[in-house]
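Only the coordinates and a few stated rules stand behind these numbers; no lab work does. Just so it is clear, the structure is predicted and the values come from calculations on it, not from any experiment. Here the Cβ positions follow ideal geometry from the backbone for every residue, glycine too, while neighbour counts run over all protein chains shown.
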Amino acid sequence: MPFIKINTNVAINSNTLTEIKTELGSLIRSIPGKSEEWLMIDIDDKQTMFFKGVSEECAMIEVKLYGSASSETLNNFTKRITALISKLLNIQPARIYVSYCFTSNRGYNGSNF
């Protein structure tokens, strides 16, 4: 039950949004037990954002996971999602943050897992 939120100050066209969605659906499988079937994605583009004091292209990616994942898995995921967003949105990797949050409780369809 992963959730990925991307905030960026870059404007994203509909074709690129679709490509991001498709690639994240594939990429999420690199985390054991996760799949596109349960993946929710929220993308907020054209945000007012500053990083290191300037408003150049940047992105904050939040990955929320039910359960946990190993450091090795997360390192791999960070490399891959950073490369993806850098490529598709033309953002330098050094201007992309990736944050992880884990929970043992997640509600769905009126009850908790």
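Approximating the spin labels as points 7 Å out from Cα along Cα→Cβ, the SER26-to-ASN105 distance works out to 3.8 nm.
By the scheme Lys and Arg +1, Asp and Glu -1, what is the net charge of all other residues having a beta-carbon under 14 Å from that of GLN47?
Net local charge, GLN47 excluded: -3.
Over the residues of the chain, the helix contribution to mean residue ellipticity at 222 nm works out to -9500 deg cm²/dmol, using -39500 (n - 2.57) for each DSSP H run of at least 4. Between the amide H of VAL98 and those of ILE61, distances stay under 5 Å, these residues lying 5 or more places away or on another chain, with hydrogens modeled in the peptide plane. Here LYS79 is the anchor, and the lysines within straight C-alpha reach of less than 23 Å, apart from those fewer than 8 places off in the same chain, are LYS5, LYS21, LYS34, LYS52, LYS64, LYS87. Highest average first, the peptides 61-67, 98-104, 73-79 ordered by how many other beta carbon atoms sit within 10 Å of their residues are 61-67, 73-79, 98-104.
Any idea what angle helix 14-27 forms with the longest principal axis of the chain, computed on alpha-carbon atoms, 0 to 90 degrees, nearest 10? In the chain, helix 14-27 runs at an angle near 40 degrees to the longest axis. Report the paramagnetic label zone for SER68: residues of segment 96-112 whose backbone N is under 20 Å from a point 7 Å from Cα along the Cα-to-Cβ axis. Answer for this model: 99-107. Read through the labelled values (1) 77, 49, 21; (2) 41, 29, 24; (3) 35, 25, 21 and report the label of the one computed as Cα extents along the principal axes in Å from the structure. Matching entry in (1) 77, 49, 21; (2) 41, 29, 24; (3) 35, 25, 21: (2).
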